[in-house]
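Each remark here refers to the structure printed beneath this line.
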Amino acid sequence: MPAEKVVLITGCSSGFGRVTAETLARKNCRVFAGMRDIKGRNASNSREVQALAEKDSLPLSPIELEVNDDASVDRAVAEVIRAAGHIDVLVNNAGLTIRGLAEAVTLEQVRRIFETNVFAVQRMNRAVLPHMRKRGSGLLIHISSQAGRVVLPGLGMYGASKAALEALVESYHYELAGEGIDCVLVQPGAYATAIGQNADKAADELREESYGSGSEIPKTLVANLGKRRDPQEVADAVSRLIQSPAGKRPLRTDVGVTGDFVARLNKFTDEIQKEVLKVFGLLPLTKFRSRAESQK
């Protein structure tokens, strides 16, 4: 039976990306699991994905993809289109985390986290969107974070990158609606993945220590994140979005968030945003229209 959707996912060496790739392949999507350096540092991860695909006869293929490199991104997108004919869904999952007081984060660290969490998303979207717009359909899913919606001291720079992602994706959401393309966000809470376990730390330790009791903020935050949830919940949320009808997908889907504060915030800002679009005369231009509707 032919695969229902062709899906390209970034950051599949571990965590959300790895679980999502397997989940979607088992739901009859043809999945290209992007990861960097599949012949080097991620060789074992690539072999594991390939072995799983062969063992269970899954439409799942590892593919070389370094999201911070223009040429690598262009090659990967071209390879997927050559192999599958088109791309239905892009899941922008690759990301970095950094913990520590904001002043203690060096500019080099700021550049690195924004390069992966924001600039790489723009790079990936620009690579696939001409193809999707030509077809008049597509879905862009972005893995964000609750830290991009509420401020968590000790995760300020990570939150800043995710807040930038949230604003960028919401703009895309409105701009692409008339092209028949959905652009959405998934907002996970605290999960047991490598991105959290391998989080970078603010490099300027002396700055952080000079805060006295304030230097305890990052450790206190981590201690109160609560039970780390199963990443499968995020993969299932992505799957539900793919299976939902075009034009009916919510802009934001919060998953595994402690309390309901992100859901309440999303609801409130959705209402405000509709008013803003109306005031500026943009509401009619930001409604979802399929290619068939656009040609009427």
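Readers should treat all values here as calculations from the given coordinates under stated rules, not as data from a laboratory. This structure is a prediction, so every number in the text was calculated from the model and none was measured. Counting neighbours? That spans all protein chains shown, and the Cβs are built from the backbone with ideal geometry, glycine included.
Scoring 212-223, 238-249, 97-108 by mean Cβ neighbours within 10 Å over their residues and listing the highest first yields 97-108, 238-249, 212-223. If only the Cβ of Lys and Arg carry +1 and only the Cβ of Asp and Glu carry -1, the dipole of the chain around its Cα centre is close to 940 debye. Between the amide H of Thr97 and those of Asp200, distances stay under 5 Å, these residues lying 5 or more places away or on another chain, with hydrogens modeled in the peptide plane.
Peptides 129-136, 228-235, 142-149 ranked from most to least packed give 142-149, 228-235, 129-136, packing being the mean of other C-beta atoms within 10 angstrom over each peptide's residues. Each eigenvalue of the Cα gyration tensor of the chain, multiplied by 5 and square-rooted, gives one semi-axis; in descending order these are 31, 25, 17 Å. Measuring between their Cα centroids, segment 1-66 and segment 101-171 lie 22 Å from each other. Checked against a 30 Å cut-off, the cross-linked pairs Lys162/Lys278; Lys201/Lys274; Lys201/Lys248; Lys134/Lys267; Lys219/Lys274 give Cα-Cα distances beyond that limit for Lys201/Lys274; Lys201/Lys248; Lys134/Lys267; Lys219/Lys274.
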